[in-house]
1. Mean-square fluctuation check for the chain, GNM, Cα pairs under 10 Å: which of GLY87, GLY108, GLY232 is largest?
2. Given a Förster distance of 30 Å, report the FRET efficiency between ALA131 and ALA230 from their Cβ-Cβ distance, rounded to the nearest 0.05.
3. Say each of SER283 and ALA48 gets a label point 7 Å from the Cα, pointing the same way as Cα to Cβ; how far apart are those two points in nm?
4. Could you point to the residue in ALA1, MET206, ILE147 farthest towards the positive end of the chain's charge dipole, with +1 and -1 charges on the Cβ of Lys/Arg and Asp/Glu respectively?
5. Rounded to the nearest 10 Å², what accessible area does PHE43 have for a 1.4 Å probe in the complete protein model?
6. Picking from GLN275, THR15, THR96, whose Cα lies most toward the positive end of the charge dipole for the chain (charges on Cβ: Lys, Arg +1; Asp, Glu -1)?
7. So, how do all the Cα-to-Cα distances of region 68-153 break down into 5 Å bins, in percent, from 0 on up?
8. Place a +1 charge on the Cβ of each Lys and Arg in the chain and a -1 charge on the Cβ of each Asp and Glu, then give the dipole magnitude about the Cα centre in debye, rounded to the nearest 20.
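The values are calculated or read from the model by the stated rules, or taken from the named source; none is laboratory data. Keep in mind the model is a prediction, meaning the values are calculated, not measured. Please note: Cβ atoms are built from the backbone with ideal geometry, for glycine as well, and neighbour counts cover all protein chains shown. The protein model used for the area step is the full one, side chains on, heavy atoms only, and it has no ligands, DNA or RNA in it. Shrake-Rupley method; radii C 1.70, N 1.55, O 1.52, S 1.80 Å.
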Amino acid sequence: AKHGSYSNTSVFGSTETIEKLGVIVDIPDRDVQDKLAASGFNFTDAHAWKTIHDLSHELPRRETVNHVIGPMTPPVSPITRLDKVIGVNEKMHPETIAHAYARLHKEGIYNVGNVAVVCGLNCTHSEYIEATLDPEKARAFVRSVAILGELSTFSTLVSFTTGSEFLGNFILVPADFGFRSRNPTSVFVANDEREIMAANHAALCMTKDPAGRQLDEYLAMNAGLALYLANGMMDDDLERFRAGRGPNSEKLAHCAGVCLKALRENRVATFLESQVRLTRNVSGRFST
């Protein structure tokens, strides 16, 4: 399940992106949402469900409490186990959100399974370690190098929680997912509608990418983290976290490999086509 919104600070938000791929998202009908959830995937536009979300898009556009609360309130009930990947920007340290999820589980508001709060950085692992030897300067450094609310091709600070237990902060790099980045900046895409959609098609639908970027590997890396949380982060791994060693890189690489195989065998593109048909049928909208 994913919920997102229209663009605020960039050309595309997640809603525009998936709409451009043909999926209908603004369906504020619970029966329809149940049918979509039964298909194994459901994207919901936040504007269709959350009135407060509109406030953060009003001019002048600025950071509001919704930018913290909004992503933390997925459309699931406390009886549903919540395994979640959530991205943050330079304004919020991932550890803060990880501790919040642990508290929400303790209070019985969510049934938290495994949560990873992700902050992509524009620095190497060794640069991060060197710069954060002084704990008092660590958060300021993270703010200065935070560039993505997802995994970075350089390095990524990830805070993990399971249930009501905060497991710690760890740095992940592409090699942890079994990938060797030829050029970390090759996956960067200009903030332009045509270039963004061309990159999306190249990664999702395996269309030819003349720039030779590793877009499918980058996408598989991010999807692999979600798969790891849901299926790979078993009890035997928790002792690794508690000992300060972090995620099992062999399991991360396996999960990323599963995702990459699904992309390269065209199964992702086929599923996307089925979602387009399903959302148009259940919403009563038909289009060629």
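1. Among GLY87, GLY108, GLY232, the largest mean-square fluctuation in the Gaussian network model of the chain belongs to GLY108.
2. It comes out at approximately 0.40.
3. It is 0.6 nm.
4. MET206
5. Number for this one is 10 Å².
6. GLN275
7. Going from the shortest bin to the longest, the percentages are 3, 14, 23, 21, 15, 11, 8, 4, 0.
8. On the way: 30 positive and 34 negative charges, 64 e Å.
The calculated dipole for the chain is roughly 300 debye.
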